[in-house]
Amino acid sequence: MRAALLHAVGDDALDIRDDFTLAPVGPADVRVRIKATGVCQSDLSVLTGVLPQPLPVIPGHEGAGEVVEVGDQVTAVAPGDHVIINWTPACGGCASCLRAQPYLCTEFMSRGFTTARFRYGPGSDPAFGMAGCGTWAEEIVVPWQGAIKVDADVPYEVAALIGCGITTGVGAVLNTARVRPGASVAVIGCGGVGLSVVQGARLSGATTILAVDPLESKRALAVKLGATHACAPDDLGAGLAEATGGQGVDHSFEVVGKAAAIKTAWKAARRGGDVIVVGAGAADDLFSMSAFNLLFEGKNLLSSLYGEADVRRDFPLFAALWKAGRLDLESMISARITLADLNDAVAALRAGEALRQMVVMD
């Protein structure tokens with residue numbers, strides 16, 4: 001089968017080749033034929049080494065497809081089912097799962113660093129999948145907890161977006177910040193996940209939503225999707241003055257993955273407000289805050305990993321919201337491409353030009 005392989009961090013191009021095979025399906029595994037997969041900022045972070053992964057690795061974690069084979073112990077899905085890939089499968093028995101925090105489960109994630117489910121080349125060399133997935137491939141094998149059934153009338157492109165960008169962004173609003181009607185919100189960074197935060201804020205009844213991004217095109221789309229105000233980062237003061245009278249917002253979301261963006265989000269929050277870190281940053285990109293300000297400004301610094309989602313609950317919820325016309329997912333897809341186009345797609349992502357490029361499989 002075909003897939004895109006990263007041999008080493010910093011490579012100029014992905015190795016797109018047709019000689020991959022998959023490991024056998026284990027008794028608790030599911031084999032999925034990928035139908036659509038997004039090109040996400042987190043994928044770029046794997047290519048640059050910001051998010052460490054075992055190498056060589058097939059990137060991709062935001063995907064949807066059709067089940068083609070299941071192990072003997074699998075009852076949750078069956079061949080022919082449409083599924084969304086869950087890149088953080090929950091084992092159900094660890095301390096995080098028992099605390100109702102399945103998004104913190106590392107049981108299967110850690111296995112992805114030691115288990116190479118792909119083989120390629122004449123020597124049948126091993127290759128890993130990003131986060132144990134590797135959706136930039138025509139087929140993958142994942143534990144059954146990593147394939148969540150979705151109604152067949154949900155298009156694969158929509159389902160793929162739910163698999164990461166929507167769940168991360170909307171979940172940060174609903175599950176982490178728990179934004180209430182009438183609240184004010186700022187969104188620092190209006191890529192795919194940032195636009196999902198904008199939509200989550202609109203769904204929650206926020207009456208003020210300030211979208212902050214250097215690109216006018218992204219600010220314009222944020223307004224289309226629900227933002228009430230928009231400004232460039234350099235104009236944050238004026239934007240806050242217009243949106244909140246200068247007092248700052250109740251909830252400020254950082255959706256870039258940079259320490260500088262966290263500082264911007266901190267500035268945007270009112271005294272006593274929430275600052276929610278959604279972007280995945282580098283281990284050596286340090287955020288500092290004076291102990292004095294941390295105490296006396298009374299702000300709450302929160303993190304939101306995968307939107308603090310229980311995907312068994314949230315994937316169907318977001319699909320239902322899309323069906324009801326309350327989530328606009330089609331507008332977030334900036335291009336539809338093939339696997340062969342992935343190197344161009346990565347270049348566009350590096351340049352900051354793209355929102356969500358969606359690989360649609362043949």
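Tabulated results
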{"item": "Ile16, Ile209 arranged by Cβ crowding within 10 Å, fewest neighbours leading", "result": "Ile16, Ile209"}
{"item": "Set of lysines near Lys267 by C-alpha distance (under 24 Å), chain-local residues within fewer than 8 positions excluded", "result": "Lys218, Lys258, Lys299"}
{"item": "Which of Ile166, Ile337 has the fewest Cβ neighbours within 10 Å, and the rest in rising order", "result": "Ile337, Ile166"}
{"item": "Among Ser184, Gln73, Gly279 - extreme Cα towards positive end, dipole of the chain, charges at beta-carbon", "result": "Ser184"}
{"item": "Net charge dipole size for the chain [Lys, Arg +1 and Asp, Glu -1 on Cβ; Debye, nearest 20]", "result": "1080"}
{"item": "Efficiency of FRET from Cβ geometry, Val9 and Arg271, R₀ 41 Å, rounded to 0.05", "result": "0.50"}
{"item": "Dipole in debye (nearest 20) - the range 166-305, about Cα centre, beta carbon charges: Lys, Arg +1; Asp, Glu -1", "result": "340"}
{"item": "Relative packing of peptides 189-197, 139-147, 21-29, 58-66 - highest average C-beta neighbours within 10 Å first", "result": "189-197, 58-66, 139-147, 21-29"}
{"item": "Cleavage-rule hits, trypsin sites (Lys or Arg not before Pro), the range 283-352, DSSP coil, Cβ neighbours within 10 Å at most 12", "result": "Arg326"}
{"item": "Rounded to 5, the percent of DSSP beta bridges in the range 243-332 classed as antiparallel", "result": "0"}
{"item": "Separation of alpha-carbon centers, the range 80-95 and the range 150-193, rounded to whole Å", "result": "18"}
{"item": "Cα shape, the range 1-128, gyration tensor, a/c 1.5 rule", "result": "oblate"}
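Bear in mind that the values in this text are calculations on the coordinates, not laboratory data. Everything numeric in this text was worked out from a predicted model, so none of it was measured. Glycine gets a Cβ as well: all are built from the backbone with ideal geometry, and neighbour counts include every protein chain shown.
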